[in-house]
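Reading through the structure tokens given below for one structure.
Each value in this text was obtained by applying a stated rule to the coordinates, not by laboratory testing. These numbers were taken from a predicted model, which means no experiment stands behind them. Neighbour counts run over all protein chains shown; Cβ positions are idealised from the backbone, glycine included.
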Amino acid sequence: MLLRSGRFLCFDCRGPYHDLKQRNAEEDDKTMVDDGFKRQSPSRGMLFDLSTLNLGIFFKEVSYSDEQDEVFVSTRVYFPYNDEDVGQGGESTSAEPETIIRVLAKRGAIKDTSALSTHDQRVLEVLSQLPTFDPFLLLSQRREMEGDRKISAKYFDITEDDWVMIRRPVMEKISLLVSKANRDHEVDVFEQYMGGEDEDDETRRLMTSAVIDSIWRGEATQGCRQLIRSFKLDEDKTTEILFAWKGINYYEFQYKKYQQQFYDFFKWLGGAGSMPKDHKTLQSSQIDRFEYRRERARKLIRATHATVMQIIADYNSSFERLVDEDSPREFQLFLSNAPKNFLTVGLAIGVLAHTTTAWVQMTQSGKKPSVKSTELEPFYDFIIAVNGQDFYVAR
């Protein structure tokens, strides 16, 4: 289920790696010089220097600490035995550098005395710290991962169609804020930014456009810092706040994108099809166990969904109060909490999408009205595991 469920909790490095390997080989073929063939770095643009790591599949799993009785998200990396069919099995290990070195040395992929490069250790640290692998989160940490060298954009791709759909609602809200910050000027900022008919003050239009563009890119320009300062927030955190704000917009877009699929899954979970197809052949104790697991799954999914809805609702209501009632206090609070809520809503939507994708695969998008107990039992275990996280709930 993890391997098939997509980018949120499972990050397959192999696709971009193979594309870059082919591209680099083609570029090397063109770099013939007078004194022979000049080879460039084979790992240029790749996520890792060590080729074996580029063939790994990273995934997030829910782990349990018996000592502290807590649930936490851990990161593992899976090395398939057969690169053509990853479902045949392989080795997985904690994504910590020391553990990976031991496993790779045992496999003969590196020498016992070998150590990972500084770059590889840095990337592993970032991947372990992120709550999910969705492209927007990876993009947020790109500068950190590129401390030693550049990494290809293939690893951070968000589709152009998604960017277009995300950009307009974000830009509309940004422009309204810029308008609020320019109270002395009676001007429709968004219309001027988009090239409206009223272009009497070309200079002001260009300045406004520059501020909006820099906010979209998350740059700490003077105009952006002034906007953050106008909400009495720490302007040194301008880049962090703006990126998180844009990230929450992105996750609101992702929620709407998956919403119907979520609701179809919720409806199935509340219906008769969520009990085993072969329930008549099961003992009463087995039925009780399924009912308990189903109820546990429902409770956890409700909590995950509530986390998403609350953060999105708080965002929109605070923004509406700012625009409609000139009441900035709630939006000020929203912006100050945006970096924390951004991670929370990203993880929660990722978990919902992960869970729903597993349901789609098991029931063929609900076309199978019910499934056998042998399929349903591991599915409920999966739901409980990935949803059993102590999400921070925004207040």
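Things worth noting here:
- Packing-based ranking, highest mean first, of 293-303, 152-162 given that Cβ atoms within 10 Å are counted: 293-303, 152-162
- Taking every alpha-carbon pair under 8 Å whose residues sit at least 6 apart, the stretch 298-395 reaches a relative contact order of 39 percent.
- Straight-line cross-link partners of Lys368 among the lysines, defined as a Cα under 28 Å from its Cα and at least 8 positions apart when in the same chain: Lys256, Lys257, Lys267, Lys277, Lys280, Lys299.
- Whole-angstrom gap from the stretch 100-167 to the stretch 214-292, using each part's C-alpha centre: 23
- Two-site label geometry, Lys257 and Asp324: point separation in nm, points 7 Å out along Cα→Cβ: 2.8
- ³J(HN,Hα), Karplus 6.51/-1.76/1.60, whole Hz, each residue of the stretch 150-165, x for Gly, Pro: 6, 10, 4, 5, 4, 7, 10, 4, 10, 4, 4, 4, 5, 4, 4, 5
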